[in-house]
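Q: Questions regarding the structure given below will be posed in turn.
Values in this text are rule-based calculations from the coordinates and carry no lab data. Source: prediction; values computed, not measured. No Cβ is skipped: glycine too gets one built from the backbone with ideal geometry, and neighbour counts run over all protein chains shown.
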């Protein structure tokens, strides 16, 4: 998300056809193009959201809403703001309104699904991510499949999760999340060879493994009987992530609490 941040205020300028919109402390000068003004207000709001400046984000969205109360992108952005400020009822209302206005706005549906996932409403999130993932024109489709897989994991649907992660990898062969989760799923199915294969690729695409990554290495090496590799992963987990949930789980396994 692009933003230009000055020490005291934000100044953003966009030229569309013959009109130019500028925001300074004093506000925006709009000369005859309401749609351009609306789009600029939404863009500014997204910049403020990226900075965690919820009040200025709301201000710009309210001004955009005054221009066109039926714009789906405005209500989607309101949803993001309200979610971030803990106003969950308003967030859900805003996301739903955006989708009523434009049911095909996959970005809004994806953000609504992520909101549902955040609240632990995995069944609803899974349904929404499934719709997003079917949009072949959506640029975030690989991530939608990953989110679909994570929703299914939380629902205990390992086969469905594996299908979603496999689809994500067909679109993005080096996605570390999908590779890691496929490694865990294959290991759970006692398919150690393929678990090792996914894990091997995962290690090549991340600059540094996550705690969950090292834990998979521990589990795979234990399953394959490679004690040297197991000790190496355990040591790395202890040295790099001593406060992680994974290291605590390892300690519990070893009876070292």
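Q: May I ask for the distance between the Cα centers of the stretch 119-136 and the stretch 201-257, given as a whole number of Å?
A: Going from one Cα centre to the other spans 31 Å.
Q: Using Cα pairs closer than 8 Å and at least 6 residues apart in sequence, work out the relative contact order for the chain, in percent. Walk me through the numbers before you get to the answer.
A: Details: 327 pairs, mean separation 18.2, N = 257.
RCO, the chain: 7 percent.
Q: Among 56, 175, 66, which one shows the highest mean-square fluctuation when the chain is modelled as a Gaussian network with alpha-carbon springs under 10 Å?
A: Fluctuation is largest for 66.
Q: For the stretch 148-234, just say rounded, prolate or oblate: build the C-alpha gyration tensor, square-root its eigenvalues into a ≥ b ≥ c, call rounded for a/c under 1.5, and beyond that prolate if a/b exceeds b/c, oblate if not. Before the final figure, lay out each step's value.
A: Details: a/c = 1.99, a/b = 1.47, b/c = 1.35.
Since a/c reaches 1.5 and a/b is larger than b/c, the shape of the stretch 148-234 is classed as prolate.
Q: Here is a follow-up. Highest GNM mean-square fluctuation, the chain, Cα pairs closer than 10 Å: which of 64, 159, 168?
A: Highest fluctuation among the options: 159.
Q: Rounded to the nearest 500, what is the chain's calculated 222 nm mean residue ellipticity when only DSSP H runs of at least 4 contribute -39500 (n - 2.57) each, over all residues? Let's see the in-between values first.
A: Details: 13 runs with 177 residues, N = 257.
The per-residue figure over the chain is -22000 deg cm²/dmol.
Q: Could I ask something else about it? Sort 152, 208, 59 so that the residue with the fewest other Cβ atoms within 10 Å of its own Cβ comes first and the one with the most comes last.
A: Fewest-to-most Cβ neighbours within 10 Å comes out as 208, 59, 152.
Q: Also: Helix 158-171 against the longest principal axis of the chain: what's the angle in degrees, Cα atoms only, rounded to the nearest 10?
A: It is inclined by approximately 60 degrees.
Q: Note the angle between two axes, namely the Cα long axis of helix 192-205 and the longest principal axis of the Cα atoms of the chain, as a number of degrees from 0 to 90, rounded to the nearest 10.
A: Tilt of helix 192-205: around 50 degrees.
Q: Over its Cα atoms, what ratio of radius of gyration to 2.2 N^0.38 Å does the chain give?
A: 1.26
Q: For a footprinting-style exposure proxy, rank 243, 102, 68 by other Cβ within 10 Å, fewest first.
A: Working: 243 7, 102 17, 68 14.
With the sparsest Cβ surroundings first, the list reads 243, 68, 102.
Q: Give the order of 55, 62 when sorted by the count of other beta carbons within 10 angstrom, beginning with the fewest.
A: Details: 55 10, 62 13.
Ascending Cβ contact count within 10 Å gives the list 55, 62.
Q: Let me check against my output: what whole-number percent is the relative contact order of the stretch 150-189, with C-alpha pairs under 8 Å and at least 6 apart? It would help to have the intermediate numbers written out before the result.
A: Working: 20 pairs, mean separation 12.6, N = 40.
Dividing the mean separation by the residue count of the stretch 150-189 yields 32 percent.
Q: Would you mind checking the tilt of helix 141-154 against the longest principal axis of the Cα atoms of the chain, expressed as 0 to 90 degrees and rounded to 10?
A: 60 degrees
Q: Which one of 98, 113, 229 has the biggest mean-square fluctuation once the chain is modelled by GNM with Cα springs under 10 Å?
A: 229
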